[in-house]
1. What label, among (1) 25, 23, 17; (2) 31, 20, 15; (3) 39, 22, 15, belongs to semi-axes √(5λ) of the Cα gyration tensor in Å computed from the structure on display?
2. Using the beta-carbon distance between Arg125 and Phe168 and R0 = 30 Å, what value does 1/(1 + (r/R0)^6) give for FRET efficiency, to the nearest 0.05?
3. Give me the dipole magnitude in Debye, nearest 20, for the stretch 112-234 about the Cα centre, with unit charges on the beta carbon: positive for Lys and Arg, negative for Asp and Glu.
4. Arranged from highest to lowest average of other beta-carbon atoms within 10 Å per residue, in what order do the peptides 131-138, 106-113, 67-74, 220-227 appear?
5. Answer with one residue from Thr116, Ala106, Val29: the one whose Cα lies farthest towards the positive end of the charge dipole of the stretch 24-128, charges on Cβ with Lys, Arg +1 and Asp, Glu -1.
6. Can you pull the one-decimal nm distance between simple spin-label points at Ala147 and Ser37, each 7 Å off the Cα toward Cβ?
7. Could you pull out which residues in the stretch 64-85 have an amide N less than 11 Å from a spot 7 Å beyond the Cα of Glu177, following the Cα-Cβ vector?
8. Would you pull out the residues with amide H under 5 Å of Leu78's amide H, same chain only if 5 or more places away, H placed 1.01 Å from N?
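What follows is calculated from the coordinates using simple rules that are stated; it is not laboratory data. Here the structure is a predicted model, which means the values were calculated and not measured. Note: ideal-geometry Cβ built from the backbone for every residue, glycine included; neighbour counts use all protein chains shown.
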Amino acid sequence: MKGLDPSDLLEVADHGHDADWIGRGLLLVACAWPDASPQQRGELPIGARDRLVMALRIHTFGPTMELVARCVHCGADLEATVDLTEVLAAHRAMPPEEISVEVDGAVVTVRNPTSTDLQEAFAGRPDDVETALLDRCLGSGARAGLAEARTVAARALAEADPLADVRFELQCGVCGEGSSAPFDIVSSFWTEVETGAGRVVREVHDLARVYGWSEAEILAMPGSRRARYLAMVR
């Protein structure tokens, strides 16, 4: 897998500027899995999507990533360093596409949600996305005891693919209490993509203003050479 180079950062940031978080996740998956069709990417289970996005992030910026959260007890900022290689190693096994759960003595199937499921759930029932998502993923056998089936299915899905909902336990240095901080690789990585694209634009602007080079000429330079010219300009 190839990481995002400066040109890629600009391209991805431009395409995803007006997209929602689901669309941005699919854009990152397209960079990580360019040979797949849009339908294949959309039908990836969320955990599998996040595995690809994590791998792309590692190849782009390295394995360590800063997690910033807020203490639920006192509101203080919490910070931690996440090693994505360790996260991937701890969740190496791919979850099954479909699992079976027992509801009131009956066996019901439920499949892992995908990006397409998320898009449809938000479009159809944005006020209760979780319920809409579970209803899409539950097999027809769940209709009789739907409320209980949703509860059992949600728990089973979380156990089948913990990577779909990663959380870190952080200790607050101010009040001493612990907080469970969710980690969303798509939004975290996207913030870095936007920051990286902004940095690239400033570099191009500085060099083009002084030397008159085009964006393509500047981005075609090796990063080390571009840095040398920037050191002269700045």
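1. Read-out taken from this structure: (3).
2. Numbers: r = 30 Å, r/R0 = 1.00.
Efficiency computed from Cβ-Cβ geometry: 0.50.
3. Values: 13 positive and 19 negative charges, 145 e Å.
For this selection, approximately 700 debye.
4. Numbers: 131-138: 19.8, 106-113: 18.0, 67-74: 14.9, 220-227: 11.5.
My ranking of the peptides, most packed first, is 131-138, 106-113, 67-74, 220-227.
5. Val29
6. 4.2 nm
7. 71-76
8. The answer is Ala69, Arg70, Cys71.
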